[in-house]
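Here's the structure we're looking at; comments come further down.
Just so you know, all these numbers are worked out from the coordinates, no wet-lab data involved. This is a predicted model, so every value here is computed, not measured. Using ideal geometry, Cβ is built from the backbone for each residue, glycine included, and neighbour counts are taken over all protein chains shown.
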Amino acid sequence: MKRSLNLGFIIAWSIVMAVAAKTPTVKLTIAGPRLANAIDVTDPKALANVWEGSFIKSPATEPDKALPRYLVSFFTTAPRGESGPKMCYVVYYVRDPQSGEGYVYLPGRGEEWHRLNVGSILRNGQDGKWHLAEKTWSDAVAAALP
């Protein structure tokens with residue numbers, strides 16, 4: 001009896017967590033150089049589906065280290081019982097002004113933000129690497145920057 005109650009609880013909890021985890025992205029917060037304060041971005045084009053990873057494309061080489069790197073935090077609707085948006089994922093963003101190309105870095109094992117990220121989404125070996133940013137998303141993020 002006790003065993004079936006435990007199993008039932010585990011199954012119910014897994015379903016609740018799966019549903020809660022898929023809440024929509026409601027804002028991005030961008031912090032970094034040339035910004036006195038973090039910027040909140042709510043442009044729908046910037047609110048990529050963080051769960052699907054629709055803001056990243058194929059792997060890329062690291063962009064020029066002289067280019068400014070911005071910390072982009074994804075916020076989703078808070079699970080029931082919690083108030084306000086909840087930060088669920090963090091990436092680094094770089095835009096090359098010469099090419100207009102955007103780049104996204106997913107923090108890797110042992111780096112700041114990695115534990116938050118993998119606690120939200122497992123990206124199967126994409127962490128710790130640079131990627132091209134999806135163009136519409138990148139343009140929307142760049143438009144928010146000075």
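Calculate for the chain the 222 nm mean residue ellipticity that helices alone would give, adding -39,500 (n - 2.57) per DSSP H run of length 4 or more and normalising by residue count, nearest 500 deg cm²/dmol.
Numbers: 3 runs with 37 residues, N = 146.
Result for the chain: -8000 deg cm²/dmol, rounded to the nearest 500.
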For the range 81-146, the dipole about the Cα centre with charges only on Cβ (Lys and Arg +1, Asp and Glu -1), to the nearest 20 debye, works out at 160
What's the local net charge at G108, with K and R +1, D and E -1, over the other residues with C-beta under 10 Å away?
0
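If the limit is 22 Å between Cα atoms, which of K27/K135; K65/K129; K86/K135; K45/K135; K45/K129; K86/K129 go over it?
K86/K135; K45/K129; K86/K129
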Report the Cα centroid-to-centroid distance between the range 84-116 and the range 51-79 in angstrom, as an integer.
3
Give me, ordered by chain and number, the residues 5 or more places off G128 or on other chains with an amide H under 5 Å from its own placed amide H.
L106, G108
For the chain, the Rg and Dmax computed from alpha carbons only, in angstrom:
17.2, 66
